[in-house]
Amino acid sequence: MKTTLMKFAAVAAGGFALAQPALAAPAAEAAAAVPNPGNNAWMMTATVLVLLMILPGLALFYGGLTRSKNMLSTMTQIGATAALAMLVWVMWGFSLAFGSTPIEGFLGQFISGGSYFLAGMSAETTAATFTDEVISEYVFVSFQMTFAAITAALILGATAERMKFNAVMLFVPIWLTIVYFPIAHMVWAGDGLLFAAGALDFAGGTVVHINAGVSGLVLAYLLGKRRGYPNEPMPPHSLTMTMVGTGLLWVGWFGFNAGSALEADGFAGLAMINTFVATAAGALTWMVIERLAGHKGSALGFCSGVIAGLVAVTPAAGNSGPFGAILLGIASSAVCYFFVAKVKAKFGYDDSLDAFGIHGVGGVVGAIGTAIVYQASLGGPAGEDAASLGAQLWIQTEGVLITIAWAGIGTFIAAMVVKAIIGLRVDEETEVDGLDISEHGERAYN
């Protein structure tokens, strides 16, 4: 069988080995490469778990946070965005991010090629994992496809209740092409700019969360505030749905984090327990801060803390011990609370559902904090040949800054193209009536 090899950044310490997926050059024939049934089954399960994060998880989470007149619009945008991202991924996205043909020279640090429309793949082709095991190449493609889909959908939390549906549908393929695919290649491909620099991102702190959060913030500024914001009360119409969505996101996130080990091994187990404890710490920290600020501990605070903890542990899932993961969850929840409660009001931007305040900010905390919790002194898997704390902090900071710049500039370009062609924002009457009835001709509640 033909085998597509995957390189991994690996550091051994205390019996542990750090695995981070990345692309290598096309591999030679591997005559006896057969997918390991256990690993293949786990990765298929992990892929479906990430889909669960999007539908119904994210759709319910975001939908419950909107006003009732925009419930279906929010959920429809998320579902349609994910569906469109899946088609784009198999047509050209996988090729640009992880294609079988490396591009020589400077451009090769940002994109690859050679696998358009999944050329050369079949039910027999395989992708290697960290060890000598392999999984089905179609499974690897599907797993990474769900990452692209949820990243694009996360952006919509910043644009909820005022962005045209057709504008979303035009923006998504442009944004994926010029923002997501290059960043995924830079961070996870063997010849990628940030991977080569030694940046640690186990499951997408930069690729998914900083990328989506910053892109959402740019769009929020370009769209302008919702009519009546911040003077008119705009409370969530169903925190029950948001709570259900939060639970589904937490469950699905195990596929996100533990699945990024690409095997059902000890590193998947490490990512699993970190996803438990960082999230628990984030949820309780947010509620404690609410109490310290003179408020009651709220369901919305619990949900916000859950997501803040999940976001922060994503880059550190296999790069941290459980104690370090708890510290990340606490730090992320505290910093995200400050941005949501204080910074957003001071700067006046309308990040509708706090996509930037939690995903963008939490992603920064997690990406930079990974350098700290990676250290053996905190139970992390760093070995003797690992970069020093200072050096790794700089590498992580450099990765964050490059991701912010790339996402910000790329999103601005994509949005300007869409605005010039069809416009970004719905008209006043549509916004007042609600996007459910105006854009889709139906209501969430009759």
Report task. Could you give me the residue pairs with C-beta distances under 9 Å whose first residue belongs to the stretch 93-121 and is at positive phi, whose second residue is part of a helix (DSSP H, G or I) and open to solvent by 50 Å² or more (accessible area, probe 1.4 Å) wherever it lies, and which are 6+ apart or on separate chains? Result -> PHE117/MET91; PHE117/TRP92; LEU118/MET91; LEU118/TYR138
Report task. Kindly establish whether ALA152 is in contact (Cβ under 8 Å) with a residue 60 or more places away in the chain, surrounded by 24 or more Cβ atoms within 10 Å (Cβ to Cβ), closer than 16 Å to GLY363 by Cα and small (Gly, Ala, Ser). Result -> yes
Report task. Return a yes/no flag: does the stretch 378-390 have any residue that is assigned to a helix (DSSP H, G or I), open to solvent by less than 10 Å² (accessible area, probe 1.4 Å) and either touching a residue at least 24 places away in the same chain (Cβ under 8 Å) or touching a helix residue (DSSP H, G or I) at 6+ places or on another chain (Cβ under 9 Å) (or both). Result -> no
Report task. Within the stretch 34-84, track down each residue that is surrounded by 24 or more Cβ atoms within 10 Å (Cβ to Cβ) and not in a helix (DSSP H, G or I). Result -> THR66
Query raised in the report: Do we find that TRP394 is part of a helix (DSSP H, G or I), aromatic (Phe, Trp, Tyr), at pLDDT 95 or above and surrounded by 19 or more Cβ atoms within 10 Å (Cβ to Cβ) in this structure?
Result: no
Query raised in the report: Condition test on ILE103, is it part of a strand (DSSP E or B) and over 21 Å from the mean Cα position of the chain (by Cα)?
Result: no
Query raised in the report: For the stretch 188-210, what are the residues that are crowded, with 24+ Cβ neighbours inside 10 Å and within 14 Å of LEU107 (Cα to Cα)?
Result: ALA189, GLY192, LEU194
Query - Long-range neighbours under 6 Å by Cβ, at least six apart or interchain, first residue open to solvent by 80 Å² or more (accessible area, probe 1.4 Å) within the stretch 216-240, second assigned to a helix (DSSP H, G or I) - result: ARG227/GLU431
Query raised in the report: Across the stretch 340-353, which residue is nearest to SER73 (Cα to Cα) among those that are buried (at least 24 other Cβ atoms within 10 Å of the Cβ) and not hydroxyl-bearing (Ser, Thr, Tyr)?
Result: LEU353
Report task. Would you check if ALA123 is part of a helix (DSSP H, G or I) and of a type in the set (A, V, I, L, M, F, W, C)? Result -> no
**Report entry** Verdict on GLY366 being touching a helix residue (DSSP H, G or I) at 6+ places or on another chain (Cβ under 8 Å), part of a helix (DSSP H, G or I) and either free of Cβ contacts under 8 Å to residues at least 24 places away in the same chain or crowded, with 24+ Cβ neighbours inside 10 Å (or both)
**Finding:** yes
Query - Index of the failed condition, ALA325 passing every other in (1) touching a helix residue (DSSP H, G or I) at 6+ places or on another chain (Cβ under 7 Å); (2) open to solvent by 10 Å² or more (accessible area, probe 1.4 Å); (3) within 17 Å of THR285 (Cα to Cα); (4) among the aliphatic types (A, V, I, L, M) - result: (2)
Query raised in the report: If you check GLY434 against the conditions, is it at pLDDT 95 or above and on the phi > 0 side of the Ramachandran plot?
Result: yes
Query - Residue within the stretch 46-62 that is small (Gly, Ala, Ser) and over 30 Å from VAL432 (Cβ atoms) present - result: yes
Report task. Look through THR125, THR159, THR177 and report the one residue that is within 17 Å of GLY410 (Cα to Cα), surrounded by fewer than 24 Cβ atoms within 10 Å (Cβ to Cβ) and polar (S, T, N, Q). Result -> THR177
**Report entry** Subset tally (residues that are under 15 Å from ALA220 (Cα atoms) and among the hydroxyl-bearing types (Ser, Thr, Tyr)) for the stretch 330-379
**Finding:** 2
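The values are calculated or read from the model by the stated rules, or taken from the named source; none is laboratory data. Here the structure is a predicted model, which means the values were calculated and not measured. So basically every Cβ, Gly included, is an ideal-geometry build from the backbone, and we count neighbours across all protein chains shown. When the accessible area is computed, the model is the full protein with side chains, heavy atoms only, and any ligands, DNA or RNA have been set aside. Shrake-Rupley method; radii C 1.70, N 1.55, O 1.52, S 1.80 Å.
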